[in-house]
């Protein structure tokens, strides 16, 4: 299907009607996805193409090469990537979408599907549409140059013009890999509310940005026509800010190398507020040779601080309804989770602590916002308020911290001596942190049946068996 402006107008009109019919006040989202956890990561699978930039081995500018030999032509490499993602507790991976022809064609996913099957993984897959690919491929076709120096005109939506490079050469190739081959592999698609997920990154190489909403509407219409679904599109928030008419199901704020991000957006189809968090374990791209050949825009280095940078990022990002991590294997920019001689499995272990806080329970030992008698948190685990705005986290550094959407509002002050222990709600009613160098507790012993609850008003409170509070953080009312 080739995209045209009349289809866009129709789709936008339908969507406007849907929005108008929605309730006036947005509700908190109950994101219904089919992945084992809400945590996922970007995946890189560079391959050579006609002399354009591409890799079959680890880029020589990498600083921390992974323990796994890098070779996308080897089954063992794919199996190791899947094993690493599963060990980290990830529920999905995002397939890079630069489109055809490029060194990262999202249609080339059969080796990944084979590895998922071979390793018995429940991992789901989403498309990560990097518009850099569309810009490069259009300039190659129209100007004979593989460059981003020539801006991409979003007003040019005709075949062999603009939108063709997004859909026909990228999105359709990706989804066809699941729908066309036999057997059908649509079971591997990450879905939210039953709709396949696409992440769309941003670009500063667009002109006529006011046509971005038309592009998104056309992509929705094309997927509906060819595959029978309206995709769940999560768009980098700067693009939605630039064209507020854009119908995004959710937004994300691309990672800050030194902290996590959290982006909230009202879904136009459900009128629910959906939040997406993004975290990165570390970043150093200053040695990477970019497309300009002069290392002009790859920043770094930023220190990983022995895992602290990543933990702080996840404390912010993990509040989201979905969490995207950069990356399981972005070794060219040293943003990978995979094991290396420098840190072993440290970042796999940190991720798992957040993705599976308590035996895969999804964030709370009791399934809600409470820590009840006999329940405990291990380092990296947390419970959160029912509305998701506040998290009570036992950090890897030993501190117990109450966060409001990523900002610390209370702490136990147990950095260092509380590391590597356990935060236990004892049967006697005392909340006790047993650490390597000492003990912190709430002095609430003598109250059997007491429980800790993180409330929507911002307070973390211990109630006795009669429901009266006997300890609190005094962080109400927010």
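Where a number appears in this text, it was derived from the coordinates with a stated rule and is not lab data. Just so you know, these numbers come straight off a predicted model, no measurement behind them. Note: ideal-geometry Cβ built from the backbone for every residue, glycine included; neighbour counts use all protein chains shown.
The modelled label-to-label distance for the pair residue 150/residue 32, using points 7 Å beyond Cα in the direction of Cβ, is 4.7 nm. Does anything in the stretch 221-264 have its amide N under 18 Å from the 7 Å Cα→Cβ label point of residue 308, and if so which residues? Counting backbone N atoms under 18 Å from the label point, the list is 257-260.
Would you mind calculating the gained length between residue 64 and residue 470 on full extension (0.36 nm times residue separation, minus the Cα-Cα distance), in nm to one decimal? If you can, show how the numbers build up before the last one.
On the way: separation 406, 0.36 × 406 = 146.16 nm, distance 4.93 nm.
Answer, rounded to one decimal: 141.2 nm.
Between residue 110 and residue 434, the FRET efficiency from the beta-carbon distance, with R0 = 45 Å, is close to 0.35.
Given R₀ = 25 Å, what would the calculated FRET efficiency be for residue 179 paired with residue 256, taking r from the Cβ atoms and rounding to 0.05? Efficiency, rounded to the nearest 0.05: 0.10. Here the label points at residue 286 and residue 75, each 7 Å from Cα along the C-beta direction, are separated by 4.3 nm in the simple model.
Post the alpha-carbon centroid distance, the stretch 81-125 to the stretch 309-330, in whole angstrom. Result: 19 Å between the Cα centres.
Considering only alpha-carbon pairs that sit under 8 angstrom and 6 or more positions apart, the relative contact order computed for the stretch 370-472 is 24 percent.
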